[in-house]
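To start, the structure itself, in structure tokens.
The values are calculated or read from the model by the stated rules, or taken from the named source; none is laboratory data. All of these numbers come straight from a predicted model, not from anything done at the bench. No Cβ is skipped: glycine too gets one built from the backbone with ideal geometry, and neighbour counts run over all protein chains shown. Ligands, DNA and RNA are stripped out before the accessible areas are found, and what is left, the full protein with its side chains, is counted by its heavy atoms. Shrake-Rupley method; radii C 1.70, N 1.55, O 1.52, S 1.80 Å.
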Amino acid sequence: MSSPLAEAPVRSGNIVAVPLPDSERKPLSKKELSADQPTWCPGCGDFSVLALYFKLIEKRKLWHEKITTIAGIGCSSRFPYFVQAHGAHYIHGRALPFASGVSLSRPDLHVFVFGGDGDAFSIGGNHFNHTARKNIKMTYVVMDNWVYGLTKKQTSPTSPTGFKSKTDVWGSMDQPINPMKQAISAGATFVARTTHTNPNHVLQMMEAAMDHDGFGFIECLSECVEFYEGAFDASNPRKGGAFNTVPADHAVTDEMAAYKIADSAFPGYFGIYYNVDRPTKNANEAKINASNQEKVKGLKDWQILQKNFDRLK
Amino acid sequence: MSEATIAAPTAGGVPKVSKISETIIRIAGNSQDGIQAIGGFLARLAGRSEQEVMTFMTIPSTISGGPSIFQVRIGSGEVLSSGDDADVLLAFYQHSYEDHISSLKKGGIVLYDSDHVDPKPEWEKDYHHVGVPISGLTVEAIGGTAKDKGKNIFTLGLVAKMFDLNVAKLTQLVSERFTGKDTSVLNNALAAFHAGYSHSLGNVLETFQFVESQKKDGQQVVMNGNEALAYGLIAAGVRFGAGYPITPWSDVMEILRRELPKYGGMFIQCEDEIASISMALGGSYAGRVSVTGSSGPGISLKTEALGWAVMAEMPLVICDIQRGGPSTGMPTNVEQSDLNIAVFGGHGDSPRVVIAPANVEDCFYTAIEAVNIAREYSVPVIILSDQAIATRIEAFTEPNLEKVCQDISPDLTPVLDHKPYDLSVASGVTHHRAPGTKIQSGKYPIATGLEHDELGHPTGSPKLHMQMVSKRRKKLQVLAAKLPTPALYGPSEGNVLLVGWGSTQGPLKEAVDRARTAGDSVSSIHIKHLNPLPPGLEDIFAGFNHVFVVEMNDEGIYGYGQLAGLLRARYCDPKIRGITKTDGLTFKVKEILERAKSNVAAGLRKL
Ligand SMILES: Cc1ncc(C[n+]2csc(CCOP(=O)(O)OP(=O)(O)O)c2C)c(N)n1
Ligand code: SF4
Ligand SMILES: [Mg+2]
């Protein structure tokens, strides 16, 4: 019955080089981390996010074989090509479920996802909600430019009303999504906001998100100089704006308080809005695994299956 | 079973005992009557008695119940289909009786619940009527209302008596089924069974005994196609998957959800089918071939991501348990109308592998084959099953699990260098290296949906696009060359060749048997590998005057079904024609033969 093709293919042998213990390895340099020359427009806010991702990897001694960088489609989502590490450039809006598959099946990796506002909140909106509520362990940075960059200036779900785009020549009229509120109400366990013009703050948020055991979400304002120039000037002190950090007395575990600060008018607050511990899906599934495996302890895989077959006689 | 069942009663009213080699019993009632359970017990008993068995059922698509049937064909010899006409009809209600009497052979027995059914005098001359107050007697035996509890088991007792079934084995099966529950449940079930078994069959003229089974090839297992598929995936080493519920795929995902944690794996229920295929692709990208699945509507949603899998050359197994379409269509009926979307669905040139299991046993092995093709060729593989195979129960030789089960754990061995899309490989076959693999050269791969260079970085180069398109195509040509040519059933030359795929294999073989017994020159082949097609088909076709592709889909605008369309495009042979149907039910042997006859009579159509 079994077809000739139903045999496991033989793995090709490869040369094995034993890596140094992590403590003796030098952190990866920018040179080792750079891949393709970014194709972004000069001045695009996304450059600074990339530079800070390199910094994070260097500072936190993350190795090539410990991370993976995943994105959907958009200018911002081109990210993985610029990082010299295992990466995947998936389809528009679906980076989160793809990344979830990696995160759930490979606890040894840290999964980073980068993308744009359209990718996250329009085509990928439902995935955003479900990844947040499932609390799947990963770090997700949305580079929000309030516009569709790659497709050249259409309205995005975060475009403020009145924004004149090619699809709303008279000014956009739909209520924009507030990413902070969206994340909090969806059940995200780590919600932070930063902007590309404040590199130290971006790095700080990335580190905190990475250290969070769960779905760590950052909205990083990232200016599209091509199609929405000056969008974020009001948040940039160098342009006469105000960079207000989250009030010192803000309780990050208070959902209502987080929702409240998310309601303030632009430029709003920067920092961690919400940060709570809730078991990750990774942990919940691991628990189910452990209790199930307890029942079949000592059995080989085929013997576990045999038990099912014995009941089917 | 003997054709003329209405025999003269033997002296003294003792029913005569006839030896039979097979029988077809159709149980008709409502879905909440537990008629599937009767069928399930009979199927399992057949499995334990080295007999062959095949079942067929219909269920209403609403959960609140409604008319439902379960047909079981048990034989001491080979059983190829669930059978055309029944020898025995068990009718619980007037509607069951009236709607299904036509599926009973002339002279067959209708055993009805006389508490609910008024037999029609005009039918009494054609069918032997046996009335038993099933509802009342069940209440008598176990108390309470027999509305939905117990009367199925009482009826099982009647059937056991009528066919002289092995009571010890049956009561053992009933006990196994009800262990773990309240002991009164088991006691009631056994009481109902014995009440049915010891009920005098009164005016039954004949009871039956199976001749000894010829099938002696060891231990059998009994399950339906979806179970076989799910267990096959586990045997293949799949440990991660994701899906979204839809009939008739849901039970595959339910089994995987329940079973995979025992193996350290998991199956995730996602928010939709797009997320499901994406998550499964994430699992594959992470280093171990993963699975997703659905039925037609969900497969449509998955096609963009399927294109990514082709482009990124990511292995993946996608199960499509076909049902009647398009759109929500006929959720609980069978159709083979997803072949086109399986082979062609998606944008761009996106070659993928499509294989279809031919029976329940084949579901198990096809799952393993799909996983291995996906790994070997770094390609998505679609398993095209269907509602009929998914829900029907068959007994088959128990696989040697120790031999069959495989370990496909991710290989994270460091490598010196790695080109995920290496163009220097003549076969076009390259392999993905999962994240976590250290690459000494420091050049890391990107899995991508953009057209790319050998490392996975984007390119707009026309030359690279041409090379990569041909790389992705070449792999399947290499695979095609290695595929086995389908075996002929019947002589290699003759008048008519019937070509089938998927769940129609049984009725097709039976059609060949019946035609040849009648002196007609008919053979058949069954194509399991639908994309790419196996080599050697043209030589087979050359041996016949007519090639009829039998499939459960529409004849289409040009007069032939979906596989026929593929074969005509591939072989440019006008003698390839279609025998199709869209009634949502499996092919009957006589339908196939009648259609083949009229096609031959019509001659080669001018097109
Ligand atoms: C299924 C699908 N629909 C549409 C597109 C076209 N598309 C590519 S990127 C994009 C929007 C990108 O906007 P955003 O996510 O905000 O990223 P940005 O370019 O602004 O960084 C669109 C509509 C696509 N690639 N796939
Ligand atoms: S179009 Fe806008 S978002 Fe895209 S690269 Fe240029 S500046 Fe950045
Ligand atoms: Mg954008």
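List of remarks:
- Filter result for A:T167 (within 16 Å of ligand 2 (Cβ to nearest atom), of a type in the set (S, T, N, Q), open to solvent by 40 Å² or more (accessible area, probe 1.4 Å) and farther than 30 Å from B:G456 by Cα): yes
- Checklist (1) open to solvent by 60 Å² or more (accessible area, probe 1.4 Å); (2) part of a loop (DSSP other than H, G, I, E, B); (3) in the same structural domain as A:D46 (by TED's automatic domain parsing) applied to A:M256, failing item: (2)
Conditions (1) open to solvent by 50 Å² or more (accessible area, probe 1.4 Å); (2) hydroxyl-bearing (S, T, Y); (3) more than 24 Å from B:E22 (Cα to Cα), marked per residue:
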| position | (1), (2), (3) |
| --- | --- |
| B:H116 | yes, no, yes |
| B:P121 | yes, no, yes |
| B:G150 | no, no, yes |
| B:I153 | no, no, no |
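- Within region A:182-204, the set of residues being open to solvent by 10 Å² or more (accessible area, probe 1.4 Å) and under 17 Å from A:P247 (Cα atoms) comprises A:R193, A:H201, A:Q204.
- Residue in region A:119-164 that is farthest from B:M279 (Cα to Cα), counting only those that are among the small types (G, A, S) and away from ligand 2 (no atom under 15 Å from the Cβ): A:G162
- Per-region count, region B:1-41, residues within 24 Å of the chain's Cα centre (by Cα), at pLDDT below 90 and among the hydrophobic types (A, V, I, L, M, F, W, C): 3
- Looking only at region A:259-283, and only at residues there that are open to solvent by 60 Å² or more (accessible area, probe 1.4 Å) and within 20 Å of A:M138 (Cβ to Cβ), the one that is farthest from the other protein chains (Cβ to nearest Cβ): A:D277
- Residue in region B:535-547 that is within 27 Å of B:V381 (Cβ to Cβ), touching a residue at least 24 places away in the same chain (Cβ under 8 Å), surrounded by 14 or more Cβ atoms within 10 Å (Cβ to Cβ) and under 21 Å from the mean Cα position of the chain (by Cα) present: no
- Among the candidates B:P315, B:P326, B:P331, B:P351, residue that is under 14 Å from B:R473 (Cα atoms) and open to solvent by 10 Å² or more (accessible area, probe 1.4 Å): B:P351
- Among the residues of region B:360-372, none qualifies, meaning not one is open to solvent by 10 Å² or more (accessible area, probe 1.4 Å) and more than 26 Å from B:T586 (Cα to Cα).
- For region A:203-246, a residue qualifies if it is within 16 Å of ligand 1 (Cβ to nearest atom), within 14 Å of A:I272 (Cβ to Cβ) and either touching a Gly at 6+ places or on another chain (Cβ under 9 Å) or within 14 Å of chain B (Cβ to nearest Cβ) (or both), and exactly one does: A:C220.
- Tally, over region B:398-436, of residues that are in contact (Cβ under 8 Å) with a residue 60 or more places away in the chain, at the interface with chain A (Cβ under 8 Å from one of its Cβ atoms) and among the β-branched types (V, I, T): 2
- Among the residues making up region A:284-313, those that are surrounded by 15 or more Cβ atoms within 10 Å (Cβ to Cβ) and either modelled with pLDDT under 95 or assigned by TED's automatic domain parsing to the domain that holds A:I136 (or both) are A:L312, A:K313.
- Scanning region A:137-158 for residues that are more than 7 Å from ligand 3 (Cβ to nearest atom), open to solvent by 30 Å² or more (accessible area, probe 1.4 Å), in a strand (DSSP E or B) and closer than 12 Å to A:C75 by Cα gives no hits.
- Of all residues in region A:86-135 being charged (D, E, K, R) and at the interface with chain B (Cβ under 10 Å from one of its Cβ atoms), the one that is most open to solvent (accessible area, probe 1.4 Å): A:R133
- Figure legend. Inter-residue proximity from region A:159-183: first residues in a loop (DSSP other than H, G, I, E, B), second residues small (G, A, S) and open to solvent by 20 Å² or more (accessible area, probe 1.4 Å), beta-carbon distance below 7 Å, spacing 6+ or different chains. Indicated pairs: A:G171/A:G162; A:S172/A:G162.
- Here A:R278 fulfils each of the conditions (1) touching a Ser or Thr at 6+ places or on another chain (Cβ under 7 Å); (2) within 16 Å of ligand 2 (Cβ to nearest atom); (3) of a type in the set (D, E, K, R) apart from (2).
- All positions within region B:42-52 that are open to solvent by 20 Å² or more (accessible area, probe 1.4 Å) and either at pLDDT 85 or above or within 23 Å of B:S96 (Cα to Cα) (or both): B:R44, B:R48
- Filtered residue count, region B:412-432, keeping only those that are open to solvent by less than 30 Å² (accessible area, probe 1.4 Å) and part of a loop (DSSP other than H, G, I, E, B): 7
- Among the residues listed as B:E176, B:E212, the single one being of a type in the set (D, E), assigned to a loop (DSSP other than H, G, I, E, B) and open to solvent by 20 Å² or more (accessible area, probe 1.4 Å): B:E212
- Selection status of B:F587, part of a helix (DSSP H, G or I), under 17 Å from B:Y489 (Cβ atoms) and assigned by TED's automatic domain parsing to the domain that holds B:T504: no
- Number of residues in region B:440-463 that are more than 7 Å from chain A (Cβ to nearest Cβ), buried (at least 18 other Cβ atoms within 10 Å of the Cβ) and not in a loop (DSSP other than H, G, I, E, B) equals 1.
- When B:S278, B:S294, B:S337 are checked against the criterion of being assigned by TED's automatic domain parsing to the domain that holds B:S385, under 30 Å from B:L80 (Cα atoms), in contact with a Cys (Cβ under 9 Å, 6 or more places away or on another chain) and polar (S, T, N, Q), a single residue qualifies: B:S294.
- Members of region B:557-582 that are open to solvent by 30 Å² or more (accessible area, probe 1.4 Å), farther than 17 Å from B:E538 by Cβ and in contact (Cβ under 8 Å) with a residue 12 or more places away in the chain: B:Y558, B:Y560, B:Q562, B:T582
- Test: residue in region A:56-71 that is within 16 Å of ligand 3 (Cβ to nearest atom), of a type outside the set (S, T, N, Q) and crowded, with 24+ Cβ neighbours inside 10 Å: yes
- Any hit, region B:86-104, residues being at pLDDT 90 or above and assigned to a loop (DSSP other than H, G, I, E, B): yes
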